[in-house]
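The values are calculated or read from the model by the stated rules, or taken from the named source; none is laboratory data. Predicted, not measured: the structure shown is a model, and the values here were computed from it. Every residue, glycine among them, receives a Cβ derived from its backbone with ideal geometry; neighbour counts consider all protein chains shown. The area values use the complete protein model at the heavy-atom level, side chains included, leaving out ligands, DNA and RNA. Shrake-Rupley method; radii C 1.70, N 1.55, O 1.52, S 1.80 Å.
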Amino acid sequence: MLAETSFQYGQRKSGRACPMKRCSAFAATILVILSLSGSAKDKKQDPEEIGNRDVGKGVNFYSIEKEIALGREMAAQVEHQARVIDDPVIGEYVNRVGQNLVRNSDAKVPFTIKVLDVAEVNAFALPGGFFFVNSGLILRADNESELAGVMAHEIAHVAARHGTRQASRAGLVNYASVPLILMGGWAGYGVRQGAGVALPLTFLNFSRAFEREADYLGLQYLYKAGYDPNSFVDFFEKIQSMETRNPGSVSRAFSTHPMTDERIKLAQEEIQKILAPKPLYIVNTSEFNDVKKRLRSLHERRRVDPEQDSNRPQLRRRPGAERGPSDENSGGDQQKPDQDERPTLKRRVDH
């Protein structure tokens, strides 16, 4: 007994921890880590915890301030290349739908939401909360819930900071490429869209894991905002079918990481297992129908009267240039565009 006591005393005196105590401390540490990990996982699975969880954790060399500054510069480039629809009714409606989703998300940054006059089915959110919705997306959606589903997915990318986390993984922040991007010289990082909008691949071409996480979080945001989460799956299945029937009708930003069968299955499982059914969901509103009609009317007016299209090139004859036969027939006056395209008919004379 005396020998045992002397041995323990000698261990404490020499500064060595008792093996039993060392094991107990290690076990306690593991339990704390597992507890915290389990708690974070449980929060991520609970839509009621939205806003009280940090879903943007991970390696990231960008501060929130730098992320917002980067997104602002990119947004300026987008607006320089594509026409923003300035119709106050359309802009206010889409912004209101988006801000409602943002309030029911984990996003830590304010959002600026605008509608682009682009026929491709697409929406994209840049780092820092600069969000663009193509008019083609609104026209192809059957109801407000489908539109909100796509927007919720993009908001999830921003909330989880996927753009800058992916750029940090690629190590771009360590090179001169980021200052070049901020100055607009991002030719090496852009993907050319059909409408002439160059988007930065590094910040929008997400990994499969990030796409799945955006599906997972976006469904929760859609559900928390009161929409039918099944609309999310319905619309992406529709996009898949559209691209199969008419290749190129869907933006390459969508087709890069398509809504595969696996992602559809995972989304359906989340709806069944995590999102408790509600007695009522928002599916559609009269405002959505009005905005869709308004957009279609804008497109039709531009088709009938091309002069209404501010993007249409303005032509002027160079002084001294020779006139062609068509000019002589018209007395030198420029014909209206619709008259140019109208065929000239002549009645057949029977002999």
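Of everything in the stretch 221-235, what is open to solvent by 10 Å² or more (accessible area, probe 1.4 Å) and either in a helix (DSSP H, G or I) or among the hydroxyl-bearing types (Ser, Thr, Tyr) (or both)? Give them in sequence order.
Those that are open to solvent by 10 Å² or more (accessible area, probe 1.4 Å) and either in a helix (DSSP H, G or I) or among the hydroxyl-bearing types (Ser, Thr, Tyr) (or both): 223, 224, 230, 234.
How many residues does the stretch 38-57 contain that are modelled with pLDDT under 90, of a type outside the set (Lys, Arg) and either open to solvent by 70 Å² or more (accessible area, probe 1.4 Å) or not in a helix (DSSP H, G or I) (or both)?
Final tally of qualifying residues: 3.
Given 118, 97, 78, which one is out of contact with any helix residue (DSSP H, G or I) (no Cβ under 9 Å at 6 or more places or on another chain), closer than 30 Å to residue 246 by Cα and β-branched (Val, Ile, Thr)?
Working: 118 fails: out of contact with any helix residue (DSSP H, G or I) (no Cβ under 9 Å at 6 or more places or on another chain); 97 fails: out of contact with any helix residue (DSSP H, G or I) (no Cβ under 9 Å at 6 or more places or on another chain).
Only one candidate passes the filter, namely 78.
In the stretch 63-169, which helices (runs of 4 or more DSSP H) lie fully inside it and hold 1 or more residues that are over 28 Å from residue 297 (Cα atoms) and at pLDDT 95 or above?
Ranges flagged: 64-81, 88-103, 144-159.
Out of the stretch 115-131, which residues are open to solvent by 20 Å² or more (accessible area, probe 1.4 Å) and within 12 Å of the chain's Cα centre (by Cα)?
130
Working carefully through the options 245, 294, find the one that is at pLDDT 95 or above and more than 18 Å from the chain's Cα centre (by Cα).
Testing whether each residue is at pLDDT 95 or above and more than 18 Å from the chain's Cα centre (by Cα) leaves just 294.
For residues that are modelled with pLDDT under 60 and assigned to a helix (DSSP H, G or I), scanning just the stretch 297-309, find the one that is surrounded by the most Cβ atoms within 10 Å (Cβ to Cβ).
So the residue we want is 306.
Restricting the stretch 78-89 to residues that are out of contact with any Ser or Thr (no Cβ under 8 Å at 6 or more places or on another chain) and within 16 Å of residue 123 (Cα to Cα), which is surrounded by the fewest Cβ atoms within 10 Å (Cβ to Cβ)?
In this case the residue turns out to be 84.
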